[in-house]
Amino acid sequence: MSTHAEELKLRLMTIELLRTAKYKKNITYRELSAKTGLPVTVLSRYAKGHVLPNTARAKQLWKVLSKFVGLENEIRSRIKFDEDGYFDNTDIIGDFNILQQAANHALANFAGKRVTKVFTAAVDGIPLATMVANALGVNLVIAKRTKEVGVKEFLEETFALKDSGVTITLYVPKDAIKKRDSVLIVDDMIKTGETQAALVNLVRKAKAEVSGIFSLIAVGDEWRKKLKLPEDCPIEVITYIKQP
């Protein structure tokens, strides 16, 4: 997708978020003005579709509105830990509305940045990564735990699951990521960071660059150290939770 198309999509979806705040959440223009710093008359023109915000203002509005119109709260309301500290994410990764909002969130944060591929690991990250790839208008690459028949060469990365004594190898077709690609790594959840670090290493083995990391949920932030990314590489997480 061209940068112009991305920016137009961002501007339109920001208007939808503003309308959600105004008409579904019943937040008054005066309250919205206080939160966004924009005059009531400007917000009214945006909400009624009389004019579109420019890209910079759309990004500003999106960051403010998304904090209280709801994706983070919606995700948090669905996280229920069991007695062993695990939770079932089926209700999150299977909900089209959540995935669509998350994809919009990714677009708002990565529109204008160079992204040529979206990269995830099978299997739970696939629904979100598919939606994000569609929003950004780029192809999706999936790292799998088995080699597929018909593919001649693979890049592979082996890592150990924390405290399990189990090793996992991820495989990706050698030509799926090319040298000049700029790759956004997407996953539904980051816990220890081993899987995401493996994806980062696969991108580097392909001699491509990591354009960023995007996830619905992250447990703590110790995992950041394992990724060994440059300080200017953006990491966007919608909901941070503490390890129970």
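Could you check the stretch 63-134 for helices (runs of 4 or more DSSP H) lying wholly inside it with 1 or more residues that are among the hydrophobic types (A, V, I, L, M, F, W, C), at pLDDT 85 or above and buried (at least 22 other Cβ atoms within 10 Å of the Cβ)?
Helices (runs of 4 or more DSSP H) meeting the threshold: 90-93, 96-110.
Keeping to the stretch 135-152, report how many residues are in contact with a helix residue (DSSP H, G or I) (Cβ under 8 Å, 6 or more places away or on another chain) and in a loop (DSSP other than H, G, I, E, B).
Count: 1.
Looking only at residues in the stretch 160-174 that are at pLDDT 95 or above and either hydrophobic (A, V, I, L, M, F, W, C) or part of a loop (DSSP other than H, G, I, E, B) (or both), which one is farthest from VAL115 (Cα to Cα)?
So, considering only residues that are at pLDDT 95 or above and either hydrophobic (A, V, I, L, M, F, W, C) or part of a loop (DSSP other than H, G, I, E, B) (or both), the one farthest from VAL115 (Cα to Cα) is ILE168.
Residue by residue, here is whether (1) of a type in the set (Gly, Ala, Ser); (2) crowded, with 18+ Cβ neighbours inside 10 Å; (3) part of a loop (DSSP other than H, G, I, E, B) holds:
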position	(1), (2), (3)
ASP187	no, yes, no
GLN196	no, yes, no
VAL200	no, yes, no
VAL203	no, yes, no
ILE213	no, yes, no
ALA218	yes, yes, no
ASP221	no, no, yes
LYS225	no, no, no
ASP232	no, no, yes
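Across the stretch 8-42, which residue is modelled with the lowest pLDDT among those that are among the basic types (Lys, Arg) and under 23 Å from THR55 (Cβ atoms)?
Selected residue: LYS9.
If only one of ASP188, ASP163 is without any contact (Cβ under 8 Å) to a residue 12 or more places away in the chain and closer than 21 Å to GLY220 by Cβ, which one is it?
ASP163
Out of all the residues in the stretch 122-133, is one or more farther than 30 Å from ARG57 by Cα and in contact with an Asp or Glu (Cβ under 8 Å, 6 or more places away or on another chain)? Let's see the steps before the verdict.
Going through the stretch 122-133, the residues farther than 30 Å from ARG57 by Cα turn out to be 122-126.
Now drop any that are not in contact with an Asp or Glu (Cβ under 8 Å, 6 or more places away or on another chain), which leaves 124-125.
Looking for residues that are farther than 30 Å from ARG57 by Cα and in contact with an Asp or Glu (Cβ under 8 Å, 6 or more places away or on another chain), one finds at least one in the stretch 122-133, hence yes.
Can you pull out the residues in the stretch 85-125 that are among the hydrophobic types (A, V, I, L, M, F, W, C) and farther than 26 Å from VAL203 by Cβ? Quick ask: steps written out before the conclusion?
Residues of the stretch 85-125 that are among the hydrophobic types (A, V, I, L, M, F, W, C), as a first pass: 87, 92-93, 96, 98-99, 102-103, 106-108, 110-111, 115, 118-119, 121-123.
Residues satisfying the conditions are PHE87, PHE96, ILE98.
I need every pair where a residue in the stretch 123-149 that is farther than 29 Å from LEU8 by Cβ has its Cβ under 6 Å from the Cβ of a residue that is β-branched (Val, Ile, Thr), sequence separation at least 6 or different chains.
Sorted first by the residue in the stretch 123-149, then by its partner, the pairs are ASP124/ILE93; ALA143/VAL172.
The values are calculated or read from the model by the stated rules, or taken from the named source; none is laboratory data. Note that the coordinates shown come from a computational prediction; the quantities given were computed from them, not determined experimentally. All Cβ positions, glycine included, derive from the backbone under ideal geometry; neighbour counts span all protein chains shown.
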